[in-house]
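First up is the structure itself, then whatever we jot down about it.
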Amino acid sequence: MENQHPSLSRFFILVLVFAFFFPFSIGQLSSETRLLFRVRRLLEYPPALSSWNNWTNFCYLPPSPSMTIVCSQNKITELSIVGNKGPLPSPPSQNLSQKSLFAVSPQSLSSAFSIDSLFTTLSKLSSLDVLSLVSLGLWGPSPTKIHRFSSLQVLNLSSNFIYGEIPPQVSSLTNLRSLVLDNNLFNGTVPDLSSLPGLEELDVGWNLLGPEFPSLGKTVVSVVLRNNAFRSNIPSELEHCDQMWRLDLSYNEIAGTVPSWLFSLPSIQYLNLAGNKLTGVLATDVSCGNQLGFVDLSRNLLVGGLPLCIYSNSSKRTVSYSWNCLSSGDLRYQHPYRFCQKEVALAAVMPPLRNKSSKSKLGLIIGIAGGVVGGVAALAILVWVILTRVGAKRAENGGLQKSITEKTPTRSPNIVSNAGHMSHAMRLGAIGLPQYHVFTLEEIEEATNNFDPSNLIGEGSQGQLCKGRIRDGSVVVVRCLKLKQKQSIQSLTQHMEVISKLRHRHLVSILGHCIVTYPENPNASNTIFLVFEYISNGTLRSHISERQKQETLKWPQRLMTAIGVAKGLQFLHMGMVPGIFGNDIKIENILLDGNLTAKINGYNLLIPSKDKITKVGSESPFSRVEVDNHGSIGHGDKEDVHQLGRILLEVITGKTITSQSELDELKLQLQRSLTDAPTKLRAAADPSIRGTFAYESLRTAVEIAINCLSNNPSQRPSIEDVLWNLQYSVQVQEGWASSENLSTHS
């Protein structure tokens, strides 16, 4: 015992010395550690923080897509957390009860959550430079205590449910360089940001902000105001923003003329003015900046010709100008001149439609979860409005989400990084599907009764299709595939793990697989059994033809099936890397389940051969369609959009298209009807849906269908743009139906 005393003495001496020289460091770390655990509790234990324990050294945690913590001199300087509770990808149903939105949705934090408590706690991390809280389901009024983050350079609160005005205290954050608040419920005027000397990035898209254009400083590099309620002119102050490379003002109600200097800003690369109320003639002598790579002027009220630098549309520049009243370019996709005259005159005597519709919806809006009182009811109002407008893009999915046709330049290296977004498409997931299962051969034989001939529902060069019933009682379809080339079991297993992620409520999803190998016979090929869900309610074609036995769909149901197909394609294109393109999207390959949910049955799968990637369709597995290293087949994404346009024509008219000539004729008929009296377009619709649709809803669907069928693939819209327009068509239809019901009851 006596021999141990010197060792103990030395130990205590070391502890005392360490505590004497480093008291601040120990106190600082333990203090901020306690704050982080409190943040985890306030966020209701998100999965990204589930691994924390009392022994976690936060300053040495490896960064991940869902969490990053950075320290400097024993102080936390960056906290970035990404969850999976962002805004829903589609509008909620109008018949929800007044206290059910957040009660039925897993997308937001509970009614006990306090955004004020969260930011009070976070503000005690006094050295934060970067604060990023993305898709965590945060809800409540905008955090006014934001001014306490005096050193903040990056603030990212995207994809949450924060409502009210953007706190004016943001203007006091003099170190702020990046402000990202997109996909929330902010409304009102944006505070004056011109006093922020280093602000480079502003993204407040997909909110309810407006009507005045925000005041910005000369240092801005990227400005995104997409999908809000801005209604003022484009301010002349932007002419002095020499570093700005991205300006996205799309889908607001911005009025006035397009300034000539906008195209020649020294650094401008991306300019999106689509979906506004811009009028007048573009100056023909406009010069475009050398770096300008993307211009979208579509869906405005512009007249006259296009400037030469835009009209030339070189291979280095993508330009869209459809649905104006222009006299140059492709006139098939322009309104007649009188259309723009009429719209301008109407705007002069009537308030903007969006403002009017927003007011009319206030009386219909739902409340917040029970237990939240007072001002929280306003959140439900904003939630319903924003989600009806956001619908798409987002699954993200989004990733709620930006157009994949936009040639977005590389993020400016001057902007502080780690303010990332999540793909909305990835969040759509396998909603309502059972857990993926790796079957044994015995289970496959049991499900199909040893492949009894009575269960055979298809056979051809691509293998047999058998109907079966697995042990949980689900009816399935089993496809037997014999590979032509010998492959290692490890290679097949790894790739099937990737394929198992291709599960979505708008796909005929794979429920599992079984790999059978023959090690005793090296010359024998491997066999794979793919187990798909069984869809028993027929094809979309069978539901829009009165000659079939199934119930004929009315216009609102047809819109929802089209949206389902678009969401399925969005997931295929954006839910995985590489995306799944060049799919067999035809009306016979769209199946409907018992709830009339559309499911794509003709999508492709990626299966590796020995030295390349091979496409495999669920209808024709292991078909030999070779793709490049990025998983793209030429204009595969735009070919899918073209096929969707063809489906839309059949859904709208009820006619079966069997040849290219029939497609061209029907497309031309609908194009002409758009410029004639409304009776022409109504007459072109399927007789079985007449009287069930709003004219503007039908018109919107026809316009997007024609755009999808453009002969030039580069002029076809992205799948997210298609989804946005279809969901807007649903909005118009629901508003019309509500007014019709009101008139009937009156």
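Structure notes:
- Selection of region 120-129 for residues being within 30 Å of the chain's Cα centre (by Cα) and either at pLDDT 95 or above or assigned to a loop (DSSP other than H, G, I, E, B) (or both) yields Leu128, Asp129.
- Selection status of Pro92, modelled with pLDDT under 50, assigned to a loop (DSSP other than H, G, I, E, B) and surrounded by 10 or more Cβ atoms within 10 Å (Cβ to Cβ): yes
- Among the residues of region 555-579, those identified as of a type in the set (A, V, I, L, M, F, W, C) and either within 16 Å of the chain's Cα centre (by Cα) or surrounded by fewer than 22 Cβ atoms within 10 Å (Cβ to Cβ) (or both) are Met560, Ile563, Val565, Ala566, Leu569, Phe571, Leu572, Met574, Met576, Val577.
- Listing of helices (runs of 4 or more DSSP H) fully contained in region 670-746 that carry 1 or more residues being surrounded by fewer than 19 Cβ atoms within 10 Å (Cβ to Cβ) and modelled with pLDDT of 85 or more: 678-684, 695-708
- Of the criteria (1) farther than 18 Å from Leu297 by Cβ; (2) assigned to a loop (DSSP other than H, G, I, E, B), which one Phe186 fails: (2)
- Residues that are within 21 Å of Glu343 (Cα to Cα) and over 28 Å from the mean Cα position of the chain (by Cα) within region 234-263 comprise Gly256, Thr257, Val258, Pro259, listed in sequence order.
- Residue that is nearest to Asn233 (Cα to Cα), among those in region 183-195 that are surrounded by 23 or more Cβ atoms within 10 Å (Cβ to Cβ) and not polar (S, T, N, Q): Val190
- Which numbered condition Asp584 fails, given (1) at pLDDT 85 or above; (2) buried (at least 17 other Cβ atoms within 10 Å of the Cβ); (3) of a type in the set (Asp, Glu): (1)
The values are calculated or read from the model by the stated rules, or taken from the named source; none is laboratory data. Note that the structure is predicted; figures quoted are calculated from it, not measured. Here the Cβ is made from the backbone with ideal geometry for all residues, glycine too, and neighbour counts use every protein chain on show.
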